[in-house]
1. For T45, list long-range residues whose amide hydrogen, built 1.01 Å from N in the peptide plane, is under 5 Å from its own amide hydrogen.
2. Restricting to DSSP loop positions (anything but H, G, I, E, B) with no more than 12 other Cβ atoms inside 10 Å of their own Cβ, which trypsin sites (Lys or Arg not before Pro) remain in segment 1-106?
3. Computed over the Cα atoms of the chain, what is the convex hull's projected area averaged over all directions, in nm²?
4. Could you give the alpha-carbon Rg of segment 20-80 over 2.2 N^0.38 Å, rounded to two decimals?
5. Can you give the % of DSSP beta bridges in the chain that are antiparallel, to the nearest 5?
6. Per DSSP helix of 4 or more residues, -39500 (n - 2.57); summed, then divided by the residues of the chain. What does that give at 222 nm, rounded to the nearest 500?
7. Filter the trypsin sites (Lys or Arg not before Pro) in segment 250-304 down to the DSSP loop ones having no more than 16 other Cβ atoms within 10 Å, then list what survives.
8. Please go through segment 102-153 and write out the chymotrypsin sites (Phe, Trp or Tyr not before Pro) that DSSP classes as loop and that have at most 14 other C-beta atoms within 10 Å.
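The values are calculated or read from the model by the stated rules, or taken from the named source; none is laboratory data. None of the values given here were measured: they were computed from a predicted structure. Please note: Cβ atoms are built from the backbone with ideal geometry, for glycine as well, and neighbour counts cover all protein chains shown. What goes into the accessible areas is simple: the full protein's heavy atoms, side chains included, and nothing from ligands, DNA or RNA. Shrake-Rupley method; radii C 1.70, N 1.55, O 1.52, S 1.80 Å.
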Amino acid sequence: MPPTHARSLWRSVRGHGITITALARHAARVHADRPGLVVDAWSATFRELWRAAEGVAAVLYLGPLERRPRPVVLACAGPAMQVALIAVARLGLDVMPLSPRLLDDYARAVPRDALLIHDGEAPAWHRGPTASSEQVMAWASTDGSGLGRTRHRARIVLPSMTAAGTITTHVQGAMGVQGLRQLAGLHDRLGIEGTDVVLACAPPHRGQGLQLLGMALLAGATLVSAAHTPAADRIRIIRERFVSVLSASPRQLTGILDELERSGEAPPRLRRIMVAGEDIDADLVRRLHATWGPIVLSAYGTVQTGTVAVATPELLSAHPGTAGRRLPGSDFGIVGHAGRGDATGLLWVRGAHATVITEDRGRIDDGRLTIVGALTQPDTAD
């Protein structure tokens with residue numbers, strides 16, 4: 001990182017903590033007029049993204065929030081999700097991003113008096129104020145540059161559902177030094193540059209989508225969001241947007257490969273593919289390598305800890321089913337097994353100020369993690 005960028009990041013962190021707000025402010029300052037975010041037909045530079053978020057924050061503060069702090073639930077689609085996420089974080093409020101399709105399923109985890117940004121009719125159980133995606137994007141043109149600094153630090157609340165159907169909520173505060181080390185470690189292993197265009201198939205209400213947004217803000221890479229998009233459209237976006245880095249789940253990658261076989265198209269050029277969200281099997285690794293060469297990484301983590309392990313293309317070529325080795329600032333091990341020796345059993349992981357006993361069974365060989373019994377609900381976003 002150049003000295004000017006390091007100084008900018010320090011200034012942003014000093015004002016906003018090590019949060020998504022600080023990363024967005026830093027990106028607006030040093031990456032300014034580079035293309036920053038593309039969602040559907042909407043696009044913005046890093047400077048425009050920050051200005052849009054500040055405009056939305058100013059209207060939210062004076063309007064629906066009535067100058068009172070309250071949690072905000074984002075159950076919307078399109079660019080409103082990312083813009084509102086940064087806007088609410090700018091106000092230092094708790095924000096819960098959710099899939100619109102799962103709002104009723106997660107009703108027990110949603111604060112009843114929260115501001116709900118949601119399209120369509122508000123659910124009967126919700127008592128707080130509401131706003132729509134259309135309103136958010138209209139507010140994005142407001143001048144919010146006069147918004148004062150808040151002493152609060154935004155917390156991102158990510159709910160998840162266990163295999164048994166139990167809802168758990170993880171409150172993620174400032175990512176801290178360890179979280180920043182994880183993000184930087186993932187950035188180094190993935191090798192994202194400021195000139196890259198990253199296609200994210202995970203929406204921002206999933207841990208992987210949120211992490212990619214933070215990484216793009218840190219590196220100055222363009223993030224193209226294509227959640228809930230057919231495989232044929234994803235292939236078209238890769239070609240038209242000159243995407244160089246693709247992040248998707250095994251299910252989504254299988255759909256892309258099947259569509260290429262069905263259509264007979266030549267595969268679009270890619271520099272790196274990151275697989276996350278589900279356990280990757282050896283057959284898919286072989287198919288990806290046969291199509292694009294050894295450019296595939298796999299990543300493993302939880303909602304609470306973020307990514308804790310990454311397998312590089314070299315490691316994945318030698319051990320196709322592995323989840324990889326530890327990232328800086330994170331750790332993993334087998335419950336009941338002391339030390340870092342080889343073992344098999346219930347897996348625990350540590351990262352982003354959280355230590356979690358997962359529902360997955362893992363095997364550790366020579367510091368390399370392999371998931372041998374995945375019990376958590378996989379990422380089924382299409």
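1. So T45 has HN proximity to G36.
2. Numbers: sites: R7, R11, R14, R25, R29, R47, R51, R67, R90, R101; in loops: R67.
In loop regions of segment 1-106 (DSSP not H, G, I, E or B), the sparsely surrounded trypsin sites (Lys or Arg not before Pro) are R67.
3. Working: hull surface 73.4 nm².
Dividing the Cα hull surface by four gives the mean projection, 18.3 nm².
4. Working: Rg = 13.0 Å, N = 61, 2.2 N^0.38 = 10.5 Å.
Dividing the Cα Rg of segment 20-80 by 2.2 N^0.38 Å gives 1.23.
5. Values: 36 of 63 bridges.
Bridges in the chain that DSSP calls antiparallel: roughly 55 percent.
6. Values: 11 runs with 130 residues, N = 382.
Value at 222 nm, helices only, nearest 500: -10500 deg cm²/dmol.
7. Working: sites: R251, R262, R269, R271, R272, R286, R287; in loops: R269, R271.
Passing both the DSSP loop test and the Cβ count: R269, R271.
8. Details: sites: Y106, W125, W139; in loops: Y106, W125.
Here the chymotrypsin sites (Phe, Trp or Tyr not before Pro) that fit, given the DSSP loop and packing criteria, are W125.
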